[in-house]
Amino acid sequence: MSTIEAIVKATVAKNGSSRENLLPILQEISKEAGFLSEEAMSAVAKALNISRADVYGVATFYSFLDTKPRGLNVIRICKTISCYMHSKDAVVRAIEEKLRIKIGETTPDNKFTLVHTNCIGQCHEGPAMLINDDVYTKLTPEKAISAIEKYI
Amino acid sequence: MDIDKKKKIEQYSKKVDLIFQDCEIKPLVDKILNMKPNEIINTITDSGLKGRGGAGFPTGLKWKGAADTFSDIKYVICNADEGEPGTFKDRQILQDKAMKVFIGMTACAKAIGAKEGFIYIRGEYNYLLPKLEKELGEFNRILKDKGFDFNIKIRSGSGAYVCGEETSLIESMEGKRGEPRNKPPFPVKQGYLNMPTVVNNVETLVYTVMVLRDGPDEFKKLGTKDSRGAKVFCVSGDAAIQGIFELELGMPLQEFVDLFGDGHTKAVQVGGSSGHCVPYKKFGETVIGFEGIPTGGSMMLFNSSRSMYHVLHNYLEFFEEESCGQCVPCRVGTQQLLKGIEAVKKGEKPASYLNELIKLAETMRVSAKCGLGQSVSNPFISIVDNFREEIIF
């Protein structure tokens, strides 16, 4: 059994194999394995006795589920109006320079993926970003860099 | 920060303090569990409470709908998929007063006869989960001790704005793509796993608790005839003071802007990106509430330094990305509106093209399947109508 198959098996056993558990199952596998590979999605389909297309359809619908490899840490910078108005572009530029990647890219050492995201509900304290599940608000370029340094 | 303003806001906020008020949990649970289902529904109906998520459906009527549907299995779902730009109150409520949310769900369960409840919380708020799960464990134990058969679980979203729409949320909970369903049947008849289901916003649930504790008359003293009670507002943008404030409904927008604005406010977007943009010349005649401009809580202020083209562009980009893609009016409409204003700005299309785009937005309002596609016309038409020159030049 491959590592992925083992992860899928354990996750399905924990959550139950009925269809309504698909989203929690995919969330956990994505967290554990880093992303949802074709192999993982096929294994989930088999375990839940649904079509692979169904699993793929769900996996690609949700922006927090990745079907392509991504870095160990995902930085999601809010680009919606309030954060945009409070100079999130300067924060993005600082992070891009620090990590030497552009929005949408992953660092060569696979440590970070940098993406834009829509409103994360911190509008009164923008600009804001998520690193994995952790939230950082009232960002300045300096604050953003020091937040990222914790994950290096 | 402006000291006078801060004092004034404090005065206003003192008038209403329901959502974040401390409550003794166990006596409140006892009180609600001792009420009859009918009594609960009648009290909520009598209070005139309407849903605080944005759509404003009467809460008592929703509960009655599920109570009147015959079924052994029913569900209560707390909608914590707060994704509307400019809205962040549910996060704060869950952070500070989660117990009151659980009690509201219990009241609903008692009223409709549900044994299972879910909190569907957006993935962006995953950092709240450890504390929330701990409190939920305590609460489920309290219910078990009291012998009331109702258990609450937490489900996480994964970054899809449309899942805040209740049928789309239900689809997501069933392990599907978060694509809205046709209505009817409404969730109170056929919801989660096709069983009668009540989906209520976080804030609504807390207000039901306060109504049941204090009686409907106390609640009715606040607000206006069409908009009973108070509401938690989320103030952001070019505001002198940003944050979360509970205020009475029915406030004139001018008063609101005087209170929170930075002195140069030229427009307020009421109700988030899917809401209406009110220009300064209409502040005086606009009332915040169901009889005027309703809001799920989001109040974004823009001052004279802002280009309303950039604001509209940002909203349209948001909708284009968050459209689930299921129905044509929304999938194609959001793309074309965005492309359209870009073309007008660049001069590739004449200014009169905006009229065509308004027609497209109106078509989306009547033909899109769910609230997302239907409401794109709100910001589009209100911004283009009131700030046409900023879109063109």
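No lab work stands behind these numbers, since they all come straight from the coordinates. Keep in mind that this is a model prediction, so the values were computed, not measured. Positions of Cβ are backbone-derived with ideal geometry, glycine not excepted, and every protein chain shown enters the neighbour counts.
Please give the helices (runs of 4 or more DSSP H) falling wholly within region A:1-107 in which 2 or more residues are small (Gly, Ala, Ser) and under 30 Å from residue B:299 (Cα atoms).
Output list reads A:88-99.
If we keep just the residues of region A:118-130 that are within 21 Å of residue A:146 (Cβ to Cβ) and either outside any strand (DSSP E or B) or touching an Asp or Glu at 6+ places or on another chain (Cβ under 8 Å) (or both), which is nearest to the other protein chains (Cβ to nearest Cβ)?
Across region A:118-130, the extreme among qualifying residues is A:120.
What strands (runs of 3 or more DSSP E) completely inside region B:161-274 contain at least 1 residues that are more than 14 Å from chain A (Cβ to nearest Cβ) and in contact (Cβ under 8 Å) with a residue 60 or more places away in the chain?
Numbers: elements: B:197-201, B:230-237, B:243-248, B:265-270.
The qualifying strands (runs of 3 or more DSSP E) are B:197-201, B:230-237, B:243-248.
So how many residues does region A:131-146 have that are more than 10 Å from chain B (Cβ to nearest Cβ) and outside any strand (DSSP E or B)?
Final tally of qualifying residues: 10.
Out of the residues in region B:118-138 meeting the condition of being away from every other protein chain (no Cβ under 14 Å) and closer than 13 Å to residue B:94 by Cβ, tell me which one is surrounded by the fewest Cβ atoms within 10 Å (Cβ to Cβ).
It comes out as B:134.
Taking the condition more than 16 Å from residue B:277 (Cβ to Cβ) and in a helix (DSSP H, G or I), does residue B:342 pass?
yes
What's the number of the condition residue B:111 fails, among (1) part of a helix (DSSP H, G or I); (2) surrounded by fewer than 24 Cβ atoms within 10 Å (Cβ to Cβ); (3) under 24 Å from the mean Cα position of the chain (by Cα); (4) not charged (D, E, K, R)?
Residue B:111 satisfies every listed condition except (2).
Quick check on region B:94-101. Is at least one of its residues of a type in the set (D, E, K, R), crowded, with 17+ Cβ neighbours inside 10 Å, part of a helix (DSSP H, G or I) and within 14 Å of another protein chain (Cβ to nearest Cβ)?
Quick first cut of region B:94-101, residues of a type in the set (D, E, K, R) only: B:96-97, B:100.
If we keep only those that are crowded, with 17+ Cβ neighbours inside 10 Å as well, we get B:97, B:100.
Checking which are part of a helix (DSSP H, G or I) leaves us with B:97, B:100.
Within this subset, residues satisfying the condition of being within 14 Å of another protein chain (Cβ to nearest Cβ) are none.
No, that holds for no residue.
Go through A:81, A:101, A:50, A:7 for me and flag whichever is touching a Phe, Trp or Tyr at 6+ places or on another chain (Cβ under 8 Å), surrounded by fewer than 22 Cβ atoms within 10 Å (Cβ to Cβ) and free of Cβ contacts under 8 Å to residues at least 60 places away in the same chain.
Selected residue: A:101, the only one of A:81, A:101, A:50, A:7 that is touching a Phe, Trp or Tyr at 6+ places or on another chain (Cβ under 8 Å), surrounded by fewer than 22 Cβ atoms within 10 Å (Cβ to Cβ) and free of Cβ contacts under 8 Å to residues at least 60 places away in the same chain.
Give region A:60-87 a look and list any residue that's more than 13 Å from chain B (Cβ to nearest Cβ) and of a type outside the set (D, E, K, R), or say none.
A:69, A:71, A:72, A:73, A:75 - these are the residues of region A:60-87 that are more than 13 Å from chain B (Cβ to nearest Cβ) and of a type outside the set (D, E, K, R).
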